[in-house]
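Heads up: the structure comes next, in structure tokens.
The values are calculated or read from the model by the stated rules, or taken from the named source; none is laboratory data. What you are looking at is a predicted structure, and each value in this text was computed from that prediction instead of being measured. We place every Cβ from the backbone using ideal geometry, glycine too, and count neighbours over all the protein chains shown.
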Amino acid sequence: MSTDTKAGTLERHGLNDDQLRAMLRNMLLQRQLDNRGFQLNRQGKVPFALGSEGHEALQAGAAMAFDRGKDILAPYYRDLGLCLGIGLTPYEIMLSIFARESDHNGGRQFPNHYSSKAIGLMSFSSVLAAHLPHAVGAAYAIAYREQAGRAVLATCGDGTTSEGEWHESMNFAAIHKLPFVMLVENNEWAISTPLSRQMAQPEIWKRAAGYGMPGRRFNGFDPIETYAAVKEAMDRARSGGGPSLIEGICYRYLAHSTDDNDLTYRTREEVLERRKQDPVPAFEAVLVEHGVMTPQEVDAMRKDVLRETNEATDAAEAQPYPKPADLYTNLYEGAWQPWQS
Amino acid sequence: MAVVSNTSSTVMNNVEAVRATLYEAMRNDDRTVILGEDVGARGNVFLITKDFIKEFGPERVIDTPIAEASIVGIAVGMAMEGLRPIAEIQFADFIYPSFNQIVGEAAKTRYRSNGEYTCPLVIRAPYGGGVRGALSHSVSVEALFYHVPGLKIVAPSFPADVKGLLNAAIDDPDPVLFLEHKKTYRLIKGEVPDGHYTIPLGKANVLKEGTQLTAVSYGLYVHWALEAAAQLQESGLSVEVIDLRSIRPMDKTTILRSVEKTRKLLIIHEDNKFGGVGAEISAMVAEEALFHLDAPIRRLAGPDVPPMGYALPLEEEFMSSPAEMAQAMRELVEF
Amino acid sequence: MRVVGLVAVQHRDPSASSFGRHGLSDQQLLAIFRTMLMHRTLENRGFQLNRQGKIPFASAGEGHEAVQAGAAMAFARGKDILVPYYRDLGLDLGIGLTPYEVLLSLFARAADHSAGRQFPHHYASRRLGVQTISSVIAAQLPHAVGAAYALHYRGERGRAVLTTFGDGATSEGEWHESVNFAAVHRLPIIFLCENNEWAISTPLAKQMGQPDVYKRAEGYGLPGVVVDGMDAIACYAAVKEALERARSGGGPTLVEAKCYRFLAHTTDDDDRTYRSREEVEARRKDDPVPRFERLLLDESILTEEGMEALKRSIREEVDEATDRAEVMAYAPAEDLYRDVYADGWQPWRGEE
């Protein structure tokens, strides 16, 4: 943590109390919504859910460095917190989990595959790294139109760095010095594949030099440090300084998804050991210790987050499914039949 | 048909049949290696290779980085140098990054080296919908590949065929794309003969004899077509149901014999209709047996939209049900 | 890092009389030079035949002679596997391809390795240990890694895979996936980049954000080496060291040889549309062929007369190969249908 407990000062990197509280709220909400997805799946109400436990601090910190209304986010499917942090609502999350008609993509996509043009959230598929060329293309569009002060924040897990499209995207962004930040959320697991089977040396940020861009690693369990690292890179990108590769260290506490049993490939002990780093209670403690919040205020925030989650769940569940006829809309502009007559 | 060395059999589902066949291949031939995402410690996302890594070791059960182009490409190189790789694409939806390695490389290896290098390679890919897989875990890819000379494509429906065809694919001297329908994985159970046997590629199977209509299908829909045909049988309508099993090469004789008998043809598949497998079958029958037909050829296939929306009504709209198949059969019989 | 040492050796004084032989005998040095000359002569022949309208296409690697002849000398014939790219005629020649086979490929005759199916210089030969390749950039790299995996899996120590590519190929996803996989499994393979600064019309500055391919090695966790690609001996030494490491279980290496493409991409390309004559002429002073010729003469490894005799014998050999190959037959039309599969080619099966 970026706390110097002995000196009793908190390295805030310019964040005020409201921003610190907003980050904690995002983290609590992220966890609550994740848990709700898993619960609904166990209750048989939704066929699938996916969690980002362990990524909360990284995503809350990164979202705080995102400039709403200006920047573009190209996330991947484990970015619930980041999407919340840039303006998606819990209700929208629940619409996605329930695959309702009023979901952003009309219930077509898997949960956690959000898109919202209004908040700069690009549409993406489940195919790993496929979104990164899109992110680079968006950055090119910004550069081409000389829109200083805007940048693209793209994220992925450690596993995605092995894809050819990851490499092609990094290389192109570097050649054209695009306003692009590649944020790798390194949680050490790609479904069942540990980092050591993913790459021969464990530090992803070291690939930056080979592309000719700055690289940096940071503690993704600390939202403030994350904020500082992402902000530095985004500021550079926004001001014409080109792309960066930044790597946040975190951990995936849950299985890959509700369809995965992680005990088949890692031990309970490993996960419990890493639970000691859990960023949510740690950040609560930091804010209390430094007088940003009282324990009572943290409690009240948790209750408020639970209330908001419950309300969002009920409101979304009551919404209708899309209609069968909706299968045929928005394939092309206009008619959809391959035969024309 | 199957060359069965043993008359005893075991009831399995399709996952178990794939698993048992891969296990046998791994045990019998140490040139066989399996490579793909999460095939090792996790034992594949459907647990098809569960515990293989314990028995055969990480050298033979290779957890690859997430990099599909190289999963296939590395398997091509292994095959050229004497191994018998079985590459796995975790979901058929993820096969696109490896398109060049399959179409441009594996399928042309023999041809471009004038037979000096060959590519005996199996690429397994779970495909198909009806599993709430949304837009990135539902696709059928056979039509994207069946156009390609040098490639073979198999899509079995029954556990016994899974075993016989997978064995044939593994033994085959050329690259085979082996498509496994996800929905059938645990849904479909059946007797699987014990011992080693193969079913030749390019042989369709007449599952139910009939006289008034030929229904050709493959994959999950074979099971539903059978269900539909059985319903019609109760009202005295006689439908012959053919399971293609192999998409390239495809069995012309069985289709033509059947059509010349029933004089009507319905092709049923889950993949999109336009340019789908049904189009090639329709063209072949029109070329070879037009004057045997008493009705226009009909296709019941997936609508021409991306497979398939996540919300239940969208998925149901995309998929054809046994009732819709029965309806289509009835209409054509009564034409 | 080794990197610095190698560059230092070469850049200290490339034409110094007390040159580093790296253990190469006079005969090996002559063999390297013969490959370089043969490479250049055959490629000129290809361009000539194209201009005469006798063949539709030729490509050339002028400027790559040193790196290819040097690398080929480090290759263990009968043991190592070569997975080259299409600009590797010198490498193929250096490991045993004959001029006659080259002309068969240029003329697309039936007796060619691919029976005239492939573009020129896409050789495939079990005899030589050269894997079949397509023209698709970087598509051969996963195959090379697969071959290295086969060697590793069968515990065949003493064998390794040499795979090559240009600077443009390093931008492909398959390049990344291949290097990464080889590093994870510590496979016996050398990735040799023949960096000639041009990918058809795209200069290196538009190919990558920094100009050194070897610097990517660290990010994958394998050694990276850079070498003067105009110096055959330095290339031999760098590739040999990497191959020996690979053969003895020490894992993969990324070697970058800095060379230059003196000619257009192929006979179908006009490089004046994208680079100046002056640039090319300025780089001609690095031409590896006269440079190596001078070395052999200065070190008295070859006399002037010997040099003339060598050049004459190469011309004669190329003339003879041209005449022999040109009179060979094309493949019959029915050959179109062979080798699609092991058993026939029709997608429809049944009793005819």
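Search the range A:189-225 for residues being part of a helix (DSSP H, G or I) and without any contact (Cβ under 8 Å) to a residue 12 or more places away in the chain, and hand back the single one that is farthest from the other protein chains (Cβ to nearest Cβ). Before you say what the answer is, go through the steps one by one.
Quick first cut of the range A:189-225, residues part of a helix (DSSP H, G or I) only: A:195-198, A:204-211, A:223-225.
Now drop any that are not without any contact (Cβ under 8 Å) to a residue 12 or more places away in the chain, which leaves A:196-197, A:206, A:209-210.
On the way: A:SER196: 8, A:ARG197: 5, A:LYS206: 5, A:ALA209: 6, A:GLY210: 3 Å.
It comes out as A:SER196.
Which of the residues that make up the range C:242-272 are within 18 Å of the chain's Cα centre (by Cα) and not hydrophobic (A, V, I, L, M, F, W, C)? Steps first, please.
Step one: filter the range C:242-272 for residues within 18 Å of the chain's Cα centre (by Cα), giving C:242-243, C:253-266.
Residues satisfying the conditions are C:THR253, C:GLU256, C:LYS258, C:TYR260, C:ARG261, C:HIS265, C:THR266.
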For the subset of the range A:140-176 comprising residues that are in contact (Cβ under 8 Å) with a residue 40 or more places away in the chain and among the charged types (D, E, K, R), which member is nearest to the other protein chains (Cβ to nearest Cβ)? A:ASP158
So, C:SER114, is that one of a type in the set (Ser, Thr, Tyr), more than 30 Å from C:MET307 (Cα to Cα) and in contact with a Ser or Thr (Cβ under 8 Å, 6 or more places away or on another chain) or not? yes
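Which helices (runs of 4 or more DSSP H) sit wholly inside the range A:226-341 and have at least 1 residues that are within 14 Å of chain B (Cβ to nearest Cβ) and of a type in the set (S, T, N, Q)?
The helices (runs of 4 or more DSSP H) meeting that bar number zero.
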Hey, among C:LEU103, C:LEU128, which residue is modelled with pLDDT of 95 or more and within 14 Å of chain B (Cβ to nearest Cβ)? C:LEU128
Some residue of the range B:141-159 being over 26 Å from A:HIS113 (Cα atoms), more than 13 Å from every other protein chain (Cβ to nearest Cβ) and assigned to a helix (DSSP H, G or I): yes
I'd like the full set of residues that are farther than 15 Å from B:THR109 by Cα and either more than 7 Å from chain C (Cβ to nearest Cβ) or modelled with pLDDT of 95 or more (or both), limited to the range B:70-83. B:ILE71
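Output the helices (runs of 4 or more DSSP H) that fall wholly within the range A:1-89 and possess 2 or more residues being modelled with pLDDT of 95 or more and farther than 29 Å from A:TRP166 by Cα, or say none. Quick ask: steps written out before the conclusion?
On the way: elements: A:17-42, A:56-64, A:80-85.
Filter on the range A:1-89 gives A:17-42.
From the set of residues in the range A:79-107 that are among the charged types (D, E, K, R) and surrounded by fewer than 24 Cβ atoms within 10 Å (Cβ to Cβ), which is farthest from the other protein chains (Cβ to nearest Cβ)? Steps first, please.
In the first step, residues of the range A:79-107 are kept if they are among the charged types (D, E, K, R); the result is A:79, A:92, A:100-101, A:103.
This time we only want the ones that are surrounded by fewer than 24 Cβ atoms within 10 Å (Cβ to Cβ), so: A:92, A:100-101.
Details: A:GLU92: 15, A:ARG100: 7, A:GLU101: 8 Å.
The residue in question is A:GLU92.
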Determine the pairs where a residue that is touching a residue at least 40 places away in the same chain (Cβ under 8 Å) and within 14 Å of chain C (Cβ to nearest Cβ), located within the range B:252-278, has a partner that is among the hydrophobic types (A, V, I, L, M, F, W, C) and in a loop (DSSP other than H, G, I, E, B) with Cβ atoms under 6 Å apart, the partner being 6 or more residues away or on another chain. B:THR254/B:ALA204
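So which of B:VAL72, B:VAL33, B:VAL39 is in contact (Cβ under 8 Å) with a residue 12 or more places away in the chain, outside the structural domain of B:THR254 (by TED's automatic domain parsing), assigned to a loop (DSSP other than H, G, I, E, B) and not acidic (Asp, Glu)?
Details: B:VAL72 fails: assigned to a loop (DSSP other than H, G, I, E, B); B:VAL33 fails: assigned to a loop (DSSP other than H, G, I, E, B).
Just a single option satisfies the conditions, and that option is B:VAL39.
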Just give me the residues in the range B:32-59 being more than 21 Å from the chain's Cα centre (by Cα), at the interface with chain C (Cβ under 9 Å from one of its Cβ atoms) and either modelled with pLDDT of 95 or more or buried (at least 24 other Cβ atoms within 10 Å of the Cβ) (or both), in sequence order. B:VAL33
Out of the residues in the range C:149-204 meeting the condition of being among the acidic types (Asp, Glu), more than 16 Å from A:GLU168 (Cβ to Cβ) and surrounded by fewer than 24 Cβ atoms within 10 Å (Cβ to Cβ), tell me which one is nearest to the other protein chains (Cβ to nearest Cβ). C:GLU156
Return only the number of the condition from (1) more than 7 Å from chain C (Cβ to nearest Cβ); (2) outside any strand (DSSP E or B) that B:GLY104 does not satisfy. (1)
Is it true that C:ALA76 is within 14 Å of chain B (Cβ to nearest Cβ) and part of a loop (DSSP other than H, G, I, E, B)? no
What single numbered condition from (1) within 22 Å of B:LYS203 (Cβ to Cβ); (2) of a type in the set (Asp, Glu); (3) in contact (Cβ under 8 Å) with a residue 12 or more places away in the chain fails to hold for B:GLU324? (1)
Within the range B:116-128, is even one residue at pLDDT 95 or above, more than 9 Å from every other protein chain (Cβ to nearest Cβ), touching a Lys or Arg at 6+ places or on another chain (Cβ under 8 Å) and on the phi > 0 side of the Ramachandran plot? yes
Those residues of the range C:133-157 which are free of Cβ contacts under 8 Å to residues at least 24 places away in the same chain and among the hydroxyl-bearing types (Ser, Thr, Tyr), in sequence order: C:SER134, C:TYR153
Here is a list of conditions, (1) buried (at least 24 other Cβ atoms within 10 Å of the Cβ); (2) without any contact (Cβ under 8 Å) to a residue 40 or more places away in the chain, and C:VAL130 meets all of them except one; can you say which number that is? (2)
Take C:TYR236 and tell me if it is surrounded by fewer than 24 Cβ atoms within 10 Å (Cβ to Cβ), closer than 26 Å to C:ILE32 by Cβ and touching a helix residue (DSSP H, G or I) at 6+ places or on another chain (Cβ under 6 Å). no
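Give the residues of the range C:290-349 that are basic (Lys, Arg), surrounded by 12 or more Cβ atoms within 10 Å (Cβ to Cβ) and away from chain B (no Cβ under 14 Å), sorted by residue number. Can you show your working first?
Of all residues in the range C:290-349, those basic (Lys, Arg) come to C:291, C:294, C:311-312, C:315, C:324, C:338, C:349.
Those left that are additionally surrounded by 12 or more Cβ atoms within 10 Å (Cβ to Cβ): C:291, C:311, C:315, C:324, C:338, C:349.
Once the filter is applied, which keeps residues that are basic (Lys, Arg), surrounded by 12 or more Cβ atoms within 10 Å (Cβ to Cβ) and away from chain B (no Cβ under 14 Å), the range C:290-349 yields C:ARG291, C:LYS311, C:ARG315, C:ARG324.
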Mind checking whether some residue in the range B:133-152 is closer than 18 Å to B:THR198 by Cβ, crowded, with 24+ Cβ neighbours inside 10 Å and touching a Leu at 6+ places or on another chain (Cβ under 8 Å)? yes
Kindly establish whether A:ARG302 is within 22 Å of the chain's Cα centre (by Cα), crowded, with 16+ Cβ neighbours inside 10 Å and farther than 30 Å from A:VAL181 by Cβ. yes
Could you please find all residues in the range B:43-68 being over 19 Å from C:VAL184 (Cα atoms), without any contact (Cβ under 8 Å) to a residue 12 or more places away in the chain and outside any helix (DSSP H, G or I)? B:GLY43, B:ASP51
Filtering the range C:208-227 for residues that are over 15 Å from C:PHE191 (Cα atoms) and more than 7 Å from every other protein chain (Cβ to nearest Cβ) leaves a count of 1
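Tell me, which residue of the range A:212-230 that is among the aromatic types (Phe, Trp, Tyr) and surrounded by 24 or more Cβ atoms within 10 Å (Cβ to Cβ) is nearest to C:ALA205 (Cα to Cα)? Walk me through it before giving the result.
Residues of the range A:212-230 among the aromatic types (Phe, Trp, Tyr): A:218, A:221, A:227.
So of that shortlist, the ones also surrounded by 24 or more Cβ atoms within 10 Å (Cβ to Cβ) come out as A:221, A:227.
Numbers: A:PHE221: 38, A:TYR227: 33 Å.
Result: A:TYR227.
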